[in-house]
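Read through the structure below, which is laid out as structure tokens, and then see the notes.
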Ligand code: ADE
């Protein structure tokens, strides 16, 4: 999969993909992430990409022209399955959306700043709008990093143990069960006996029950989702 990202702060997006699982995904050539500075398509030599909003009011708006040119130029090289604008008023990201997006080949992400992007870009180029939660970030970059991470780890071959993403929280609308590692007894706090029993069937049953209990206690709303 290839993900292109358009941003006014490309430096912010360097580190998130240079470590751990996202790094491995790129090394294995299962994922390619390319970040493009919007200033490359600025309207003047000062690098201007934003302007005052019509109708008055505080805050700048990202202009049509740089964004349109960026999207059009990048679209010459590949057909994007989705052009996604990260915005607090988009559809809230969840595992189901991540699963669906992980099946695409080419995705283009647009990171907003200031008051957001000119509405006409949303109308004419953007195919999907995603929020990572009901709070406002200073820009879309961190949201884009979250989205790329959730998608990237789902690509077949990215995780060492292929099955592990299947048992993540939210797959099947269930939270993950508790996990333990050595030592068996830490300050008198013991690992549940069942996990030491070697009885794999019983352990799976216990884990499933823990998942159900956790979901009922913490996120009863998930049981209502299909
Ligand atoms: N940009 C600013 N806040 C955001 C959010 N919560 N989700 C996605 N993009 C954003």
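Any read-out appearing in this document is the output of simple, stated calculations on the displayed coordinates, not a laboratory observation. Treat the numbers as computed from the prediction; the structure is a model and nothing was measured. Quick reminder, even Gly has a Cβ in these numbers, built from the backbone with ideal geometry, and neighbours come from all protein chains shown.
With equal scatterers on the alpha carbons only and no solvent term, can you work out the Debye log10 of I(q)/I(0) for the stretch 169-225 at 0.24 1/Å?
Log10 I(q)/I(0), no solvent term: -0.94.
Test of understanding: in a Gaussian network model of the chain with alpha carbons linked when under 10 Å, which of 18, 82, 129 would top the mean-square fluctuation ranking?
18
From the P(r) of the chain, can you give the percent of Cα pairs sitting at distances over 26 Å?
48 percent
Take the Cα pairs of the stretch 110-226, get the Kirkwood Rh, then feed it into Stokes-Einstein at 4 °C and 1.567 mPa s and tell me D in µm²/s.
Estimated via Stokes-Einstein, D reaches 72 µm²/s.
Rounded to the nearest 10 degrees, what's the angle between the helix 200-218 long axis and the longest principal axis of the chain, both from Cα atoms, 0 to 90?
Around 50 degrees separate the two axes.
To the nearest 10 degrees, how steep is helix 64-77 against the longest Cα principal axis of the chain, on a 0 to 90 scale?
That helix lies at roughly 60 degrees to the long axis.
Order of 41, 206 from fewest to most other C-beta atoms within 10 Å?
Fewest-to-most ranking of 41, 206: 206, 41.
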